[in-house]
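Worksheet: the structure to be examined is printed underneath.
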Amino acid sequence: SDLDLRETTAFLASVLEGIGDAVIVVDREMRIISANSGYLRQVRRSLKDVLGRKCHEISHGYARPCDEEGEVCTIRRTFEDGGHHHATHEHTAADGTKIYVDTSSYPLADSQGKVYAAVETLADVTEKVTLQRRLVDSERRYRLLYNSAPDLMHSVDGDGHIIECNDTECRSLGYKREDLLGRHIT
């Protein structure tokens, strides 16, 4: 009945809103047919601005689907095989802010099992990605300083075996790094 349909629709809308992460529902034409407030905050747009628009246009600013731009399109993969898919993407909000999101898509199927829409969750992982990049950069800078130090430098494990050495030590002693690693310091 109409009352049951309204109650079911209200219940589903409540579930979408209750999920902390951004959530959208996308049809087979890649149009956003539902979006929760988490997604609207993430992309910095209103519901009116996103409904009926292509997900790749809103999240990436692309004129065509993500996979045609060289990225993994979890939604398209869900439509292709009816399965769950995951990827990490860089998205651009309406104000130009770049964010990184872990996306996961899940199929919505009709009573015959045909996938008619996909639900995608989009967890903001910008801080995690930023920290990982800083760690990689810090490691690169440390490695450069370590290798170019004028002093011979090495690290040994608890048993006295060389586990790392710098370029200066290798050059000064006339060894290749792989010849020193694993040897006992004596």
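The values are calculated or read from the model by the stated rules, or taken from the named source; none is laboratory data. Bear in mind that the values here come from a model prediction, so they are computed numbers and not experimental data. No Cβ is skipped: glycine too gets one built from the backbone with ideal geometry, and neighbour counts run over all protein chains shown. All accessible areas refer to the heavy atoms of the entire protein, side chains included, with ligands and DNA or RNA removed. Shrake-Rupley method; radii C 1.70, N 1.55, O 1.52, S 1.80 Å.
Ala117 sits among other residues whose Cβ lies under 12 Å from its own Cβ, and their net charge, with Lys and Arg +1 and Asp and Glu -1, is -1. Helix 2-18 axis versus longest C-alpha principal axis of the chain: approximately 20°, rounded to the nearest ten.
Annotation: Asp49 carries an accessible surface of approximately 60 Å², with a 1.4 Å probe and no ligand, DNA or RNA atoms counted.
The sum of -39500 (n - 2.57) across all DSSP H runs of n ≥ 4, divided by the residue count of the chain, sets its helix-only mean residue ellipticity at 222 nm to -12000 deg cm²/dmol. Counted residue by residue at 0.36 nm each, then reduced by the alpha carbon distance between them, the extension gain from Arg134 to Met153 reaches 4.4 nm.
Give the relative contact order (percent, whole number) for the chain; include only Cα pairs under 8 Å separated by 6+ residues.
Rounded, it is 14 percent for the chain.
Once you reduce region 18-83 and region 100-176 to the center of their Cα atoms, the two points are 29 Å from each other.
Every pair of different Cα atoms in the chain enters the Kirkwood calculation, which places the hydrodynamic radius at 20.2 Å.
Apolar share of the accessible surface for the chain: 53 percent from carbon plus sulfur atoms, 1.4 Å probe.
Total lysine pairs in region 46-186 at Cα distances under 25 Å, for residues eight or more apart or on different chains: 4.
Once the 1.4 Å probe is applied to the protein heavy atoms, region 72-186 comes out at 63 Å² accessible per residue. FRET efficiency for the Arg143 to Leu173 pair, using the beta carbon distance and R₀ = 25 Å, is estimated at 0.80. Calculate how steeply helix 126-148 sits against the longest principal axis of the alpha-carbon atoms of the chain, using the helix alpha-carbon long axis, and give the answer as 0 to 90 degrees to the nearest 10. Helix 126-148 sits roughly 10 degrees off the main axis of the chain. When cysteine pairs in the chain are screened for C-beta atoms closer than 4.7 angstrom, the residues that find no partner are Cys55, Cys165, Cys170.
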